[in-house]
Amino acid sequence: MRTQVAIIGAGPAGLLLGQLLFKSGIDAVIIEQRSPDYVLGRIRAGVLEQVSMDLLDQAGVGARAQAEGLPHDGIELLFKGARHRIDLHALTGGSRVTVYGQTEVTRDLMDARAAEGLTTVYDAQNVSVHDFDGQQPRVTYEKDGQTHELVCDFIAGCDGYHGVCRASVPADALKTYERVYPFGWLGVLADVPPVSHELIYANTERGFALCSMRSTTRSRYYVQVPTTDKIENWTIDQFWTELGNRLDPEARANLVTGPALEMSIAPLRSFVAEPMRFGRMFLAGDAAHIVPPTGAKGLNLAASDVGYLWTALTEFYNDKSAVGIDTYSDRCLRRVWRAERFSWWFTSLMHRFPETGEFGQKIQEAELDYLVNSRAASTSLAENYVGLPLGFAEAATP
Ligand code: APR
Ligand code: PHB
């Protein structure tokens, strides 16, 4: 088999790239090691920046996110028992975010791909990438007991943190940066109305909590837990009690409980691999970087990487220019590090760190007090929360 771009991984990054390339008349095949149901079963964050919404539109799959997504003009910060609203819309001069689950984004992209009859190979085993340092890279994989080969011009490594693409790069060509946090998030998805119409980020002496949602009838809640906690040790009733204990009296009174559709613990990590291009192979999304979920930047960063890669490949095929390809890694990494900094900062501000004790919490409360009472500080949070424009990477000076 031959294609122009071999995309490894059918997560949101790979599927979005496939759809954008299709719109530009560039041929791509997606190779995914899991089944479609497995990919759709993963519950992830659900806040889309305008840049991500625009890319979905450009890929021709934005209609349902526009119609069913919930536009949010603000978020609330809860500390010392009181909630304070950050008016994202007013502070950024008109930007907002859209609450729409990653599962739905993935479903919309899968449906569009199927409707166009584009090739996705699911359940591919032993996927390997070859010769990306030369002119004609190849991908090999096994399916139904047979070995297959896909010859291509470029490989897009959209295969997530545990994928094969980054792992195939010689160790001395890669530099990685990592921070692992001493806690995780216990998350619950439930068909109950959200406690409030906006997201609540809570800093409490019992630890962080987040009240989010997928729709007006489906809520997504999280509480900070020690990394040593096991999901088997939590019942859904204990979760509701703990979440209630971390909320203000009004939110606690509004909390509707119910059975969990999903309940799991996720560790928190910051990770970046540099560079993001190796000859004719590019990394995009979680394959190149991980952010802690505070601020919901993971999916948005995956989308912006793909936006840069789409532009680069379109320039290559349509304009015979390699500029986009040559600048891909630098453009991505500049935006990636901005989001890494924001996610790290927001995580550090909102969680209890075992080692910093009561002093640490007092310092956080002082910073939160400053944040909600200074327009300059609130604006900084707001402009990072709604996300930087893609074109920001072109600006000459930081
Ligand atoms: N061969 C083929 N496919 C692979 C391989 C492999 N060796 N390894 C992993 N994959 C697949 C995974 O099964 C998965 O479907 O690559 C896909 C990667 O998808 P994601 O992990 O969702 O990563 P990405 O598309 O970059 O999306 C980033 O996901 O983790 C969240 O916060 C993150 O929201 C962000 C988004
Ligand atoms: C979510 O809805 O899952 C979510 C929302 C906001 C975040 C993180 C996760 O900051």
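The values are calculated or read from the model by the stated rules, or taken from the named source; none is laboratory data. Note that the coordinates shown come from a computational prediction; the quantities given were computed from them, not determined experimentally. As a convention, Cβ positions derive from the backbone with ideal geometry for all residues, glycine included, and neighbour counts pool all protein chains shown.
Summary table below
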read-out	value
Matching option when the condition is away from ligand 1 (no atom under 12 Å from the Cβ) and under 30 Å from LEU371 (Cβ atoms), among ALA59, ALA65, ALA45, ALA28	ALA65
Scope segment 1-15; condition more than 6 Å from ligand 1 (Cβ to nearest atom) and at pLDDT 95 or above; matching residues	ARG2, THR3, GLN4, VAL5, ALA6, ILE7, LEU15
Selection status of ARG218, under 24 Å from the mean Cα position of the chain (by Cα), within 15 Å of ligand 2 (Cβ to nearest atom) and surrounded by fewer than 21 Cβ atoms within 10 Å (Cβ to Cβ)	yes
Condition check for TYR328: more than 16 Å from ligand 1 (Cβ to nearest atom) and aromatic (Phe, Trp, Tyr)	no
Evaluation of HIS72 against (1) surrounded by 22 or more Cβ atoms within 10 Å (Cβ to Cβ); (2) farther than 30 Å from ASP319 by Cα (one fails), failing number	(1)
Selected residue (only one of GLU340, GLU365 is within 15 Å of ligand 2 (Cβ to nearest atom), among the charged types (D, E, K, R) and assigned to a helix (DSSP H, G or I))	GLU340
Residue within segment 70-88 that is free of Cβ contacts under 8 Å to residues at least 12 places away in the same chain and either under 16 Å from the mean Cα position of the chain (by Cα) or farther than 22 Å from MET350 by Cα (or both) present	no
Inter-residue pairs, beta-carbon under 7 Å, first of a type in the set (Ser, Thr, Tyr) and in segment 122-137, second exposed (fewer than 13 other Cβ atoms within 10 Å of the Cβ), 6+ apart	TYR122/SER35
In segment 372-398, the residues that are over 30 Å from ARG331 (Cβ atoms) and either hydrophobic (A, V, I, L, M, F, W, C) or at pLDDT below 90 (or both)	VAL372
Tabulated pairs, segment 1-26, first over 19 Å from VAL129 (Cβ atoms), second of a type in the set (A, V, I, L, M, F, W, C) and within 16 Å of ligand 2 (Cβ to nearest atom), C-beta under 6 angstrom, 6+ apart or interchain	PRO12/VAL105; PRO12/LEU299; PRO12/ALA302
Matching residues in segment 285-324 - criterion: being touching a Lys or Arg at 6+ places or on another chain (Cβ under 7 Å), part of a helix (DSSP H, G or I) and more than 8 Å from ligand 1 (Cβ to nearest atom)	SER304, TYR308
Candidate set: segment 125-157, residues that are among the hydrophobic types (A, V, I, L, M, F, W, C) and within 14 Å of THR3 (Cβ to Cβ); chosen: the one surrounded by the most Cβ atoms within 10 Å (Cβ to Cβ)	ALA156
Spans of strands (runs of 3 or more DSSP E) in segment 41-155 with at least 2 residues out of contact with any Ser or Thr (no Cβ under 9 Å at 6 or more places or on another chain)	74-79, 82-87, 138-143
Every residue from segment 146-170 that is over 27 Å from ALA266 (Cα atoms) and either among the charged types (D, E, K, R) or modelled with pLDDT under 95 (or both)	GLU149, ASP153
Sole exception among (1) closer than 30 Å to ASP229 by Cβ; (2) in contact with a strand residue (DSSP E or B) (Cβ under 8 Å, 6 or more places away or on another chain) for THR147, by number	(1)
Members of segment 315-341 found to be acidic (Asp, Glu), farther than 16 Å from LEU390 by Cβ and surrounded by fewer than 18 Cβ atoms within 10 Å (Cβ to Cβ), listed by number	ASP319, ASP326
Unique residue being polar (S, T, N, Q) and either within 15 Å of the chain's Cα centre (by Cα) or within 16 Å of ligand 1 (Cβ to nearest atom) (or both) when the list is SER380, SER343	SER343
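A quick yes/no check of all residues on (1) modelled with pLDDT under 95; (2) in contact with a Phe, Trp or Tyr (Cβ under 9 Å, 6 or more places away or on another chain); (3) within 16 Å of ligand 2 (Cβ to nearest atom); (4) under 16 Å from LEU268 (Cα atoms):
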| residue | (1), (2), (3), (4) |
| --- | --- |
| LEU301 | no, no, yes, no |
| GLY324 | no, yes, no, no |
| VAL336 | no, no, no, no |
| GLU355 | yes, no, no, no |
